[in-house]
Amino acid sequence: MICPVCGKEIPEGHMYCDECGKEINFVPDFDPEVENEINATLSGVADELNKEAKLKALRIQKRKEFFSALKKKSTTILLFSATIIIIVIVVTLLLAFHNKTPLYYLSIAESSRNSGDLDKAIEYLVEGNKDNPESTEIIFRLSDYYLEAGDPDKAAETLCLITNSDCFSDEKVTNAYEGIISIYKENGDYDKIVELLSNDENEIAKGLKEKYIPPTPVMSPEGDTYEDSITVTVSKGAPDDEVKVYYTVNGDNPDNSGIPYEKEIVLDAEGEYKIKAVSVNKYGFLSAVAENTYTIEAGTPDEPIIMEASGEYSQNTMIVAVTEPGTSIFYTTDGSDPTMDSKQYISPISMPVGTSHFKFIAYNNEGLCSEIVERDYHLVFARLVTKEQAVNSVVSTLVRLNYLLDETGKEIGVPGHNEYVYRSEIEVEGAGEYYVIDEIRVGNDGSRNPSGRIYAVNTHDGTVNRLGYDSGGKYILITISNR
């Protein structure tokens with residue numbers, strides 16, 4: 001063994017170096033090459049372990065650096081994008097507000113509405129519509145504001161700016177029609193819906209009409225006056241089970257609270273019936289109203305038949321009236337309407353001379369009356385008496401009745417004499433044609449004065465009467481009697 005201190009040979013079994021006194025530890029002797037190999041191996045293992053640790057640390061470091069860079073880059077991109085967007089919005093708003101575009105008016109109107117000033121918001125949109133009449137956004141928003149303000153008429157009128165114009169697309173026009181219909185429906189203005197969609201030349205309105213408005217019901221028979229009971233049928237005008245028909249019989253306009261039409265309507269009692277019917281579809285929309293008036297005159301007698309027609313007559317004529325069995329005829333000649341209290345027709349009536357006006361009516365046993373029948377007659381006989389004969393007839397009649405002493409016209413105890421002078425011809429109602437003769441008193445001194453007595457002589461038979469007037473100023477005949 002060699003001393004590791006001084007290098008001297010140490011005898012076998014010695015515990016110390018004889019040269020330097022170093023204590024000897026007994027360990028196996030290693031071959032230097034083996035030791036070198038062991039050291040090399042251990043060193044290699046340590047190097048591998050250190051290298052792996054370094055690579056792992058490097059990978060961790062790189063990953064941290066990558067995510068850090070990515071985070072910084074994303075934040076930068078987001079900030080840049082947000083900045084660009086804000087700039088675009090600000091520029092757009094600045095341009096919009098500067099040019100007063102629809103967006104400008106919509107923005108300030110909405111701001112006023114949100115602050116509680118709805119009237120101001122409406123004013124802004126009205127102004128915006130004037131500046132931008134092509135903007136449907138302003139029109140629709142303005143209509144909504146009117147509804148919110150409780151003015152449905154203005155809301156509908158506003159949407160008509162679209163429906164009445166050719167400047168908007170079919171889609172916008174259809175939407176406007178739908179909005180108006182919704183407003184009218186909410187307020188129960190179904191007639192306005194019918195009027196709105198009544199323009200068959202407008203294809204959009206025509207299409208909506210077919211969709212919303214049910215057809216008008218059809219009633220049969222036609223309205224008229226009927227003597228017997230009738231049966232009225234009402235058809236809904238379309239094979240749609242979801243369309244219902246409602247009607248009234250008192251003249252009120254029907255709706256879905258009227259009488260549901262389920263079977264024929266029988267009218268058998270006397271009276272007037274004004275039937276109105278309407279169709280209601282599944283949308284709740286009403287059709288136009290169909291109406292007819294039916295009058296039932298059950299048991300009403302026929303009007304009497306008068307055989308003599310109105311006209312001119314020149315000879316004695318009898319007026320004959322005919323009616324159905326079980327009825328009686330009554331008539332008047334003074335122009336009043338006849339009743340059961342008037343003169344009853346029993347037998348043919350002699351037509352009065354001159355002008356006459358008859359009214360006839362028939363009553364049955366139930367007290368029901370017919371229509372009134374009127375006749376006008378003018379009976380004038382041929383003149384058989386001349387004017388001279390009429391004057392002579394007056395004088396001879398007065399002599400015969402002792403009014404005059406003789407045909408010279410002298411009266412007893414009265415100075416002078418009377419002359420009788422033709423004045424004219426007249427017609428006395430119901431009596432015929434007459435000559436009018438005035439009585440003139442001629443004094444002994446030749447004076448002439450009317451006596452006030454007037455005579456009427458029938459032109460046909462020469463009958464002499466005094467002529468007077470009734471309270472209505474009409475001519476009347478006064479029979480001449482003895483003194």
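Bear in mind these aren't lab numbers, they're just calculated from the coordinates by the rules spelled out. Computed from a predicted structure; not experimentally measured. Here Cβ is always computed from backbone atoms with ideal geometry, including for glycine, and neighbour counts include all displayed protein chains.
The Cα atoms of region 273-339 define a convex hull whose projected area, averaged across directions, is 9.0 nm². The string of couplings for region 375-386 from the Karplus curve (6.51, -1.76, 1.60, θ = phi - 60°) is 9, 10, 10, 9, 9, 10, 7, 5, 6, 10, 10, 8 Hz, one whole number per residue in order, with x for Gly and Pro.
In this structure the amide hydrogen of Tyr273, modeled in the peptide plane, comes within under 5 Å of the amide hydrogens of Tyr294, Thr295, Ile296, none closer than 5 places in sequence on its chain.
For region 277-287, putting each phi into the Karplus relation 6.51 cos²θ - 1.76 cosθ + 1.60 with θ = phi - 60° gives couplings of 10, 9, 9, 10, 9, 5, 7, x, 7, 9, 7 Hz, in residue order, rounded to whole numbers and with x for Gly and Pro.
Potential lengthening of the chain between Ser310 and Asp255 amounts to 14.6 nm, from the contour at 0.36 nm per residue minus the alpha-carbon distance. Using only alpha carbons, region 159-218 has a radius of gyration to Kirkwood radius ratio (Rg to Rh) of 0.96. Normalised Debye scattering of region 214-353 at q = 0.10, 0.13, 0.22 Å⁻¹ gives log10 I(q)/I(0) of -0.55, -0.69, -1.26, counting only Cα atoms as equal scatterers and leaving out solvent.
Here the simple spin-label model places points 7 Å from the Cα toward Cβ, and for Ile476 and Ile346 these points are separated by 2.5 nm.
Within region 332-483, the percentage of alpha carbon pairs spaced more than 22 angstrom apart rounds to 53%. The 3J(HN,Hα) values that the Karplus relation (6.51, -1.76, 1.60; θ = phi - 60°) gives for region 463-480 are, in residue order, 4, 9, 9, 6, 10, x, 9, 8, 5, x, x, 8, 5, 9, 9, 10, 5, 7 Hz. Gly and Pro appear as x. The percentage of C-alpha pairs in region 114-169 whose separation is greater than 19 Å is 23%.
Here region 305-379 was treated as a single set of alpha-carbon atoms; its pair distances binned every 5 Å from 0 give 3, 16, 30, 25, 15, 7, 3, 1, 0 percent.
Pairwise Cα distances in region 219-296 exceed 22 Å for 21 percent of all pairs.
Once the chain from Glu407 to Glu270 is taken as fully extended at 0.36 nm per residue, the excess over their C-alpha distance is 42.2 nm.
Exposure proxy ranking for Thr248, Thr225, Thr463, based on other Cβ atoms within 10 angstrom of each Cβ and starting from the fewest, stands as Thr225, Thr463, Thr248. Annotation: amide H-H contacts under 5 Å for Thr216 (H modelled 1.01 Å from N, sequence separation of 5 or more, or interchain): Ala288. Working note: Cα atoms of region 141-271, range along each principal axis, descending, whole Å: 59, 31, 26. Across the cross-link table entries Lys154/Lys263; Lys274/Lys343; Lys100/Lys206; Lys206/Lys244; Lys192/Lys263, which are compared at the Cα atoms, the separations over 32 Å belong to Lys154/Lys263; Lys274/Lys343; Lys100/Lys206.
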